[in-house]
Amino acid sequence: MLNLTIFRAGLLSIGLTLSGCGVRSVLYGDEAHRHGAINSGNVTRVYFDQEGSLYPAAKSGVRVDNQRLDYHKGVLQYYYQYQYATQRNGSEVKPDWASNQRGELAALQTYYQAEGAKVTPAATGTDYERVKAANDLAWRNLQLAMQEQFIRQFKSHLSATKTEALVILVHGYNNDVDQAAWYSLLERRIQTEYFPDKNVHFLEVRWDGRTAKIPFRIWPYAQYSMYPVGLGLRRIMANLDPELPLYVMGHSTGAPLTCAALWNCTSALQSKSTPATVWGEEYTALVSQELYQTPKPASLRVALVAPAMPGLHFRDFANRTPSLPAGASPPNGYERFIVAHNQHDIATGKWILPASWGVGSTTLGVRKEEYCQEVVPGVRRSGSKTETYLLDFTAGMKANDVRSGHGVAQFMEDKANFKCLLDAWLADPTGVAPPCTSTCP
């Protein structure tokens, strides 16, 4: 046993060393230019960078240059506001970048009609804080205009097509451009098996959680990115017709991102030395603003698959905006949460570390104890009627030769349990525990 422990420790050391190499941002410039915010058919795609900024809609005609965006580490605000005249490493900058930037800014301003949202860089000077504050405000104004246009056009499309239900799919970190292949697989199955006679629309959320061959190093970045992206998704969900039934599936870090869209997740941030920020404002202060009211749908069901998160996010389940009156329970629209996990998950179980160690910030993906200690008590303390159930894929995935699987496609290999998951998420009536699931006393 001692030799095994030493072996694992050695592997961990090697893994952590290698993890510093090859980490990069997910660049959606070309993809968003083709598909971003196009409301056609029954699928809409929305693209976010790592700070929760929306990519320009395809119809704007403004294309984000992936090479230039890569220079700015995948951050759209830097891409549009960076002052090339002050950069020091001229060999990395193409001579036309500055002029292209000016033209793109003007085009965005015109297309989104963002009155007062001047996104040109602030005047140069030594007062860094003043310059940064001015740029943050300008970027925030533009982004709000972009969000509002997306929401307005999306709602109009849902109304015009008489959409009867909306399914929102949220992938996790370490997904490169268009790698969430499970989206289309799942969409076809949902439409065919569960809503064959209904007009269902799918919203595909695509966001930059970073990517690398060895994902250790990306994890801290993905943890911070899911908060601002969650706020962007929150604004969309909160502004939809509340009578439209919503079904959300969040995979991996898409699970806590989903939670951040539905309530104010702050407990997991208390121990972090660097605060999560959104365009210069701290997340913990921003979530209480009227602009970020939490969604209040009449009917919402959520599936969290391989959730790369601690269960303590559910301590905040009743933390809504606006704040609930003292002693009041959350609205009853959040009907059901299904947590699907695999105790041998290579990602949430920390790869070479045994899941039984039960340490870290992804333990909900591997431990029933986490579910019982945090998820169930968190919901019950709120006084909500929300149902929560756990679906354990461990034995089924092992039997189907995907023992350490983390991806949705691998969960789908366990056909019996995945059918139970879809039934519990999309079809089974409330008030009756779905078969194959469990909960805690």
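For segment 413-435, a tally of residues being in contact with a Cys (Cβ under 8 Å, 6 or more places away or on another chain), open to solvent by 20 Å² or more (accessible area, probe 1.4 Å) and modelled with pLDDT of 95 or more returns 2.
So, Tyr183, is that one without any contact (Cβ under 8 Å) to a residue 40 or more places away in the chain, assigned to a helix (DSSP H, G or I) and under 18 Å from the mean Cα position of the chain (by Cα) or not? So Tyr183 passes the test. Set side by side, the residues Asp241, Asp197 differ, and just one is within 21 Å of Ser159 (Cβ to Cβ), open to solvent by 20 Å² or more (accessible area, probe 1.4 Å) and free of Cβ contacts under 8 Å to residues at least 24 places away in the same chain, which is Asp197.
Sort out which residues of segment 58-115 are at pLDDT 90 or above, within 24 Å of Thr211 (Cβ to Cβ), hydroxyl-bearing (Ser, Thr, Tyr) and open to solvent by 10 Å² or more (accessible area, probe 1.4 Å), and write them in order of number. Answer for segment 58-115, where residues must be at pLDDT 90 or above, within 24 Å of Thr211 (Cβ to Cβ), hydroxyl-bearing (Ser, Thr, Tyr) and open to solvent by 10 Å² or more (accessible area, probe 1.4 Å): Tyr71, Tyr78.
Once segment 297-318 is narrowed to residues that are assigned to a helix (DSSP H, G or I) and open to solvent by 10 Å² or more (accessible area, probe 1.4 Å), the residue that is nearest to Thr266 (Cα to Cα) is Asp316. Considering Thr321, Thr294, the condition of being touching a residue at least 60 places away in the same chain (Cβ under 8 Å), of a type in the set (Ser, Thr, Tyr), open to solvent by less than 50 Å² (accessible area, probe 1.4 Å) and part of a loop (DSSP other than H, G, I, E, B) is satisfied by Thr294 alone.
Total residues in segment 158-178 satisfying the condition of being part of a loop (DSSP other than H, G, I, E, B), within 20 Å of Pro256 (Cα to Cα) and not hydroxyl-bearing (Ser, Thr, Tyr): the figure is 5. Pairs please, first residue from segment 428-441 and touching a residue at least 24 places away in the same chain (Cβ under 8 Å), second anywhere and loosely packed, with under 14 Cβ neighbours inside 10 Å, Cβ atoms under 8 Å, 6+ apart in sequence or on different chains. The qualifying pairs are Cys436/Ala416; Thr439/Ala433. Of everything in segment 226-261 that is of a type in the set (S, T, N, Q) and closer than 21 Å to Asp345 by Cβ, the residue that is modelled with the highest pLDDT is Thr258. In the set Gln153, Gln149, only one residue is in a helix (DSSP H, G or I), surrounded by fewer than 19 Cβ atoms within 10 Å (Cβ to Cβ), of a type outside the set (A, V, I, L, M, F, W, C) and in contact (Cβ under 8 Å) with a residue 40 or more places away in the chain; that residue is Gln153.
Looking across segment 177-194, just one residue is exposed (fewer than 14 other Cβ atoms within 10 Å of the Cβ), charged (D, E, K, R) and either over 14 Å from Val43 (Cα atoms) or modelled with pLDDT under 95 (or both), and that is Glu193.
Within segment 262-276, residues that are of a type outside the set (Ser, Thr, Tyr) and surrounded by fewer than 16 Cβ atoms within 10 Å (Cβ to Cβ) sit with their Cβ atoms under 8 Å from residues that are modelled with pLDDT of 75 or more and in a helix (DSSP H, G or I), at 6+ positions apart or across chains, in these pairs: Pro275/Leu269; Pro275/Tyr283; Pro275/Thr284. Of the residues Thr44, Thr17, the single one that is polar (S, T, N, Q) and either open to solvent by 30 Å² or more (accessible area, probe 1.4 Å) or modelled with pLDDT under 90 (or both) is Thr17. The sole residue among Cys436, Cys420 that is touching a strand residue (DSSP E or B) at 6+ places or on another chain (Cβ under 7 Å) and at positive phi is Cys436. Within segment 374-396, residues that are among the basic types (Lys, Arg) have Cβ atoms under 9 Å from residues that are assigned to a helix (DSSP H, G or I) in these pairs: Arg381/Arg315, counting only partners at least 6 apart in sequence or on another chain. Looking at segment 22-65, which of its residues are of a type in the set (Lys, Arg) and under 16 Å from the mean Cα position of the chain (by Cα)? Hit for segment 22-65 is Arg45, nothing else. Scanning segment 395-412 for residues that are open to solvent by 60 Å² or more (accessible area, probe 1.4 Å) and either in contact with a Ser or Thr (Cβ under 6 Å, 6 or more places away or on another chain) or within 19 Å of Leu304 (Cβ to Cβ) (or both) turns up just one, Gln410.
The values are calculated or read from the model by the stated rules, or taken from the named source; none is laboratory data. Treat the numbers as computed from the prediction; the structure is a model and nothing was measured. Positions of Cβ are backbone-derived with ideal geometry, glycine not excepted, and every protein chain shown enters the neighbour counts. Protein only, heavy atoms only, side chains kept; ligands, DNA and RNA dropped before computing areas. Shrake-Rupley method; radii C 1.70, N 1.55, O 1.52, S 1.80 Å.
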